[in-house]
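One structure is given below, encoded as structure tokens.
The values are calculated or read from the model by the stated rules, or taken from the named source; none is laboratory data. As the structure is a prediction and not an experimental result, all values here were calculated from the model. Backbone-built Cβ (ideal geometry, glycine too); neighbour counts: all protein chains shown.
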Amino acid sequence: MKTLSPALAAHMRGEVLRLATCWKLTRRDGEVMGFTDHDADVELEGVRYVAASGFSPTAMEASAQLNVDNMELEGMLQAEVIDEADVLAGRYDYAEIEVFQVNYADLAMGRMLLRTGWLGEVRVDNGQFVAELRGLTQPLGNQIGSLYAPACRARFGDARCGQNASMWTVSGTVDATQDRARFADASRAEAAGHFTAGLVRFVSGANAGHAMEVKEFAAGGQFSLALAMPYAIAAGDAYEAV
């Protein structure tokens, strides 16, 4: 059952509705962003809901089952709103989100909450981002506990592994780059293949805090990563490799 103020309930029963749908998005780093399908920005409770964002929702469907409800948010990638590099960097993964409606002509009526949850899969498709909105019941369908498997279930260096990854971790500085997935550090003296299937984590530069698996390590300090980094790799960027 949805709770709304008597004034907004009366407006809902009227013949002419002045409703705007708003999305409040809170990223894991604490940044709050607002978007609306109205033709003008909406200011509510200290948050500015941007109109010129190209946002559009699919139809909402809710059920008592544990499956993921089929709502998605779509929007144009705009540097001043949501940047493609930030999406690829995972800054919007698992962001909390609220979807609600207001009377844009009288915001004092309050809001009608439609959905709360968090973003699941966020992907880029032809210059648009598409984000799946997961409801509060979705975690009830998750697997809890450990499964036995022939391969090792631990990540190298974690508590289950029991190994101290710092013993095999080295640091260095990028000398030259070819693209976002290939760079070189001429000071590396390790043999070819030493870091293959390992991990590189950048500690400075645009990619600071981001890590990627190493696809291939060649003699002379040539690193080829499994996937491109979200931001350009630059000479002078510091990294750690294991």
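Quick look at the numbers
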{"item": "Filter pass, PHE195 being in contact with a helix residue (DSSP H, G or I) (Cβ under 9 Å, 6 or more places away or on another chain), among the aromatic types (Phe, Trp, Tyr) and in contact (Cβ under 8 Å) with a residue 40 or more places away in the chain", "result": "no"}
{"item": "Long-range neighbours under 7 Å by Cβ, at least six apart or interchain, first residue at pLDDT below 80 within the stretch 143-159, second not acidic (Asp, Glu) and not in a loop (DSSP other than H, G, I, E, B)", "result": "PHE156/ALA165; GLY157/ALA165"}
{"item": "MET167 out of contact with any helix residue (DSSP H, G or I) (no Cβ under 7 Å at 6 or more places or on another chain) and closer than 30 Å to ALA95 by Cβ", "result": "no"}
{"item": "First in the stretch 82-98 and in contact (Cβ under 8 Å) with a residue 12 or more places away in the chain and more than 14 Å from GLU31 (Cα to Cα), second anywhere and part of a loop (DSSP other than H, G, I, E, B) and aliphatic (A, V, I, L, M), Cβ under 7 Å, 6 or more apart", "result": "GLU84/LEU77"}
{"item": "Residues being part of a loop (DSSP other than H, G, I, E, B), farther than 17 Å from MET229 by Cα and touching an Asp or Glu at 6+ places or on another chain (Cβ under 6 Å) - total across the stretch 161-180", "result": "1"}
{"item": "Criterion violated by GLN178 - all others in (1) more than 26 Å from ALA154 (Cβ to Cβ); (2) touching a residue at least 12 places away in the same chain (Cβ under 8 Å) satisfied", "result": "(2)"}
{"item": "Filtered residues of the stretch 14-32 (kept if loosely packed, with under 15 Cβ neighbours inside 10 Å and not in a strand (DSSP E or B))", "result": "GLY14, GLU15, VAL16, LEU17, ARG18, ARG28, ASP29, GLY30, GLU31"}
